[in-house]
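Notes to accompany the following structure.
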Amino acid sequence: MNKTIAVIRGDGIGPEIVKEAVKVLDAVAARHGHTFTYDEVDMGGVAIDKWGDPLPQAMLDKCLASDSVLLGAVGGPKWEGLPGPQRPEKGLLRLRAGMGLYSNLRPAKLWPQLADASPLKPSIVEKGIDFMVVRELISGIYFGEHKTVEQDGEKVATDVMFYAEHEIERIGRIAFETARKRRRKVTCIDKANVLDTSRLWRAVMHRLQPEYPDVAYSEMFVDNAAMQIVKDPSQFDVIVTGNMFGDILSDEASMITGSIGMIPSSSLGDGTRGMYEPIHGSAPDIAGQDKANPIGTILSAAMMLRYSFDMAAETDEIEAAVNKALNDGLRTADMMAEGCTLVGCAAMGDAIVARL
Ligand code: NAD
């Protein structure tokens with residue numbers, strides 16, 4: 001296969017971690033006879049310095065012309081004083097909106113080698129943590145009307161939670177399709193005992209369900225889900241939920257796996273083109289020192305192969321190579337433990353390539 005990947009190296013540790021992910025992609029391409037062509041895109045601080053804009057239209061156009069986008073991270077202290085619309089993070093929001101990325105997938109996977117880093121008890125961790133949060137990204141309460149008005153001598157504030165059936169249906173389909181590539185189980189998380197939007201979610205999910213008879217479907221209230229994620233995370237495979245509940249639950253889910261440098265994510269819209277990035281930021285405190293953990297970015301590239309390019313075997317190979325590097329005791333500074341070998345960002349990338 002020939003694929004064009006828009007590569008956004010970004011700021012801080014972005015260029016270092018993306019370099020390692022590209023190394024891994026090239027090695028996988030060579031093994032399987034694929035050609036990946038990289039189109040470099042400036043976004044974030046680097047684009048502000050070069051073009052005076054965190055995401056110039058020409059850069060967004062490159063992303064729209066690509067088969068998928070791989071992003072390191074953007075932002076840093078140098079650009080923090082700028083007014084809102086000119087800040088690096090604005091580039092990211094414009095990219096998501098410009099590409100129509102309405103679904104966010106974040107795996108919560110605990111690598112057994114890093115079990116000590118989880119704040120959960122060993123008795124819970126040993127049952128395994130490996131689930132995916134599928135969050136609706138461009139509707140719901142964050143995008144409804146927000147207003148504060150004077151009423152009877154005091155201020156009152158309202159935030160409108162809105163969902164249209166088509167918005168629920170498209171994220172619901174992503175959840176069912178994602179489950180088909182995993183353990184075939186979907187849990188819809190909502191507050192249907194109180195909210196109309198949640199009752200509409202359930203109605204739409206019930207309509208979709210017969211189309212996916214091979215996927216087990218269940219429902220859970222969000223307050224219970226927040227407890228279940230720490231009590232018995234092994235029960236979940238794919239969680240599907242709205243924008244605000246997903247925001248909160250996906251952070252809870254990443255926390256229980258222990259290490260911010262290990263977690264990838266993907267954002268998808270209609271069609272197969274997506275945007276793939278680690279969940280962490282540009283880590284300015286360690287930038288340029290070859291200390292960053294590149295695994296979150298390498299696993300983001302692996303997600304791109306699975307979800308955008310339908311390359312399951314290639315994805316499995318990358319995940320197995322990461323597993324082997326961890327089994328061999330290789331650790332970057334953020335996850336260093338007694339008896340392990342400390343390696344830098346580039347050496348970790350090389351070690352993963354060597355184990356493919
Ligand atoms: P951060 O995620 O960059 O860093 C938090 C801590 O985790 C730091 O101590 C950092 O050294 C460490 N860390 C993060 N990633 C690591 C990795 N791969 N390997 C080893 N250690 C790692 O969060 P922050 O410090 O709050 O934000 C720094 C900048 O990143 C800010 O400008 C913020 O706006 C931006 N940011 C960007 C994104 C994005 O591009 N998607 C996301 C979050 C934050």
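The values are calculated or read from the model by the stated rules, or taken from the named source; none is laboratory data. This structure is a prediction, so every number in the text was calculated from the model and none was measured. No Cβ is skipped: glycine too gets one built from the backbone with ideal geometry, and neighbour counts run over all protein chains shown. The protein model used for the area step is the full one, side chains on, heavy atoms only, and it has no ligands, DNA or RNA in it. Shrake-Rupley method; radii C 1.70, N 1.55, O 1.52, S 1.80 Å.
Overall dimensions of the stretch 225-348, expressed as equivalent-ellipsoid semi-axes from the Cα gyration tensor (√(5λ), whole Å, largest first), are 25, 19, 16. The calculated FRET efficiency for GLN228 paired with ALA58, based on their beta-carbon distance and R0 = 51 Å, is about 0.65. Within the accessible area of the chain, the carbon and sulfur atoms contribute 53%, probe 1.4 Å, all protein chains present.
Each label was represented as a point 7 Å from its Cα along the Cα-to-Cβ direction; for VAL194 and PHE162 these points are 2.2 nm apart.
Using a probe of 1.4 Å on the protein chains alone, the accessible area found for HIS146 is around 100 Å².
Size of the stretch 119-256: Rg and Dmax of its alpha carbons, in Å, are 16.6, 57. Per-residue ellipticity at 222 nm, computed for the chain from helices alone with -39500 (n - 2.57) per DSSP H run of at least four residues, works out to -12000 deg cm²/dmol.
With K and R counted +1 and D and E -1, the other residues having a Cβ less than 15 Å from that of GLN113 yield a net charge of -3.
Residue ranking by accessible heavy-atom surface, 1.4 Å probe, largest first, among THR4, THR272, THR257 comes out as THR272, THR4, THR257. What number comes out for the charge environment of ARG182, summing +1 per Lys or Arg and -1 per Asp or Glu over other residues with Cβ under 14 Å away? Here the charged neighbours net out to +2. For the chain, the solvent-accessible area with a 1.4 angstrom probe is 43 square angstrom per residue. Compared with the direct C-alpha span, the chain from LYS50 to GLU211 gains 53.0 nm at full extension, assuming 0.36 nm per residue.
List the relative contact order of the stretch 119-256 as a percent without decimals, with contacts defined as Cα pairs under 8 Å and 6+ residues apart. It rounds to 38 percent for the stretch 119-256. Of the beta bridges in the chain, as assigned by DSSP with both residues counted there, near 40 percent are antiparallel. Distance between the pseudo-spin-label points of MET336 and ARG31 (7 Å out from Cα toward the beta carbon): 2.9 nm. Restricted to Cα atoms, the chain shows a radius of gyration and a Dmax of 20.5, 70 angstrom.
Structural descriptor for the chain: relative contact order 22 percent, calculated from alpha carbon pairs under 8 angstrom and at least 6 residues apart. Normalised by the number of residues in the stretch 64-177, the mean separation of alpha-carbon contacts (under 8 Å, six or more apart) gives a relative contact order of 20 percent. For ALA216, the residues whose amide H sits under 5 Å from its own are LYS185, VAL186, ignoring neighbours fewer than 5 places away on the same chain, with H placed 1.01 Å from N. Put a dot 7 Å past the Cα of ASP328, heading toward its Cβ, do the same for ASN2, and the two dots end up 3.5 nm apart. Pairs spanning more than 28 Å between alpha-carbon atoms, out of LYS23/LYS185; LYS3/LYS291; LYS90/LYS121; LYS19/LYS50; LYS50/LYS147; LYS62/LYS147: LYS23/LYS185; LYS3/LYS291; LYS90/LYS121; LYS50/LYS147; LYS62/LYS147. Among all the aspartates and glutamates, which ones have a C-alpha under 19 Å from LYS127's C-alpha, if same-chain residues fewer than 8 places away are not counted? Within the straight-line cut-off, LYS127 pairs with ASP116, ASP232, ASP237, GLU252.
A 1.4 Å probe, protein heavy atoms only, puts the accessible area of LYS90 near 80 Å². With a ≥ b ≥ c taken as the square roots of the eigenvalues of the C-alpha gyration tensor of the stretch 10-152, please select rounded if a/c is under 1.5 and otherwise prolate if a/b is larger than b/c or oblate if it is not? Taking the square roots of the gyration eigenvalues as a ≥ b ≥ c, the stretch 10-152 is oblate.
Taking 21 Å as the straight-line reach from the Cα of LYS191, the lysines in range (excluding those fewer than 8 positions away in the same chain) are LYS231.
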